[in-house]
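Each value in this text was obtained by applying a stated rule to the coordinates, not by laboratory testing. If you're wondering where the values come from, they're calculated on a predicted model, not measured in any experiment. Positions of Cβ are generated from backbone atoms using ideal geometry, with glycine treated the same way; all protein chains shown enter the neighbour counts.
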Amino acid sequence: MNTHLKTLFILFPLIIVLSFSGIIVSVVKNARMAGAPSTTDTAPITIETAREVTGYIKDKDFVSLSNFIDGNVGVLLSPYYASGGNQGRNLTKDDVRNFFSDNQQKLWGYEGGSGRGIQLTNSEYYKKFVYSGDFINMGSESLNISLVSGNTLPLDEVLSEAFKSLISRGGRIQYIEYFIPGFNPKYEGMDWESLALVFMKLNGEWKLIGIFHNQWTI
């Protein structure tokens, strides 16, 4: 047999195998990416976008706020910087849009220290565990760097655990935090409060995925 024909005869099956392997790798890679958040844009969220969302919360404009809620992921509201399943409630886009028209009491988690259940209507929860102080005008503002320390879990650690599933699929967390060091001097800072709004880029758009409140607990 001609030498060139022998070489072709040997290499042809190998070429077929390698080509088929490439197809399998491509299929597996695409399958792994299916349903994962779109994170090709690595630029951080702008302070203007974060402030816009904070403004909607301050003004109780939850209809406009709902435009920043992903229809599949929703938004997690937590009364404290905690990642356990017993703290907070996950709201859908419609829940947010109709937030202030829902007057039913719900369990939002458990009080720090006493462990009592937090049974509140949406409006009551907003007043105590969302915009509980004038964070925009009184608080210090920080983008992606937590200002809170002391008797509380680090915010970055809490968020990494709370949104572990989204992060494992390629999601990138961003947040804006507001911190009020105290309201009454006689409490020497033990009446501090903070508010963190958590964002992630989903399908090319920044979406609000978390509203985390925090305060001094015994």
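Annotations
- Mean-position separation - Cα centroids, region 146-198 and region 100-143, in angstrom: 14
- Karplus-derived 3J(HN,Hα), 6.51/-1.76/1.60, for each residue of region 167-176, Hz, glycine and proline x: 5, 5, 9, x, x, 10, 7, 10, 8, 10
- Region 109-149 shape via C-alpha gyration tensor axes, a/c threshold 1.5: oblate
- Across region 178-187, rounded Karplus estimates of 3J(HN,Hα) from the backbone phi angles (6.51 cos²θ - 1.76 cosθ + 1.60, θ = phi - 60°) give 10, 10, 10, x, x, 10, 10, x, 5, 8 Hz, Gly and Pro being marked x.
- For the listed peptides 186-197, 142-153, a ranking on the average number of other beta carbons within 10 Å per residue, highest first, reads 186-197, 142-153.
- Across the cross-link table entries 128/201; 60/164; 58/127; 60/186, which are compared at the Cα atoms, the separations over 21 Å belong to 128/201; 60/164; 60/186.
- Across region 109-218, the volume of the C-alpha convex hull divided among the residues equals 125 Å³ per residue.
- What the Cα atoms of region 33-189 give is an Rg and a Dmax of 16.2, 55 Å.
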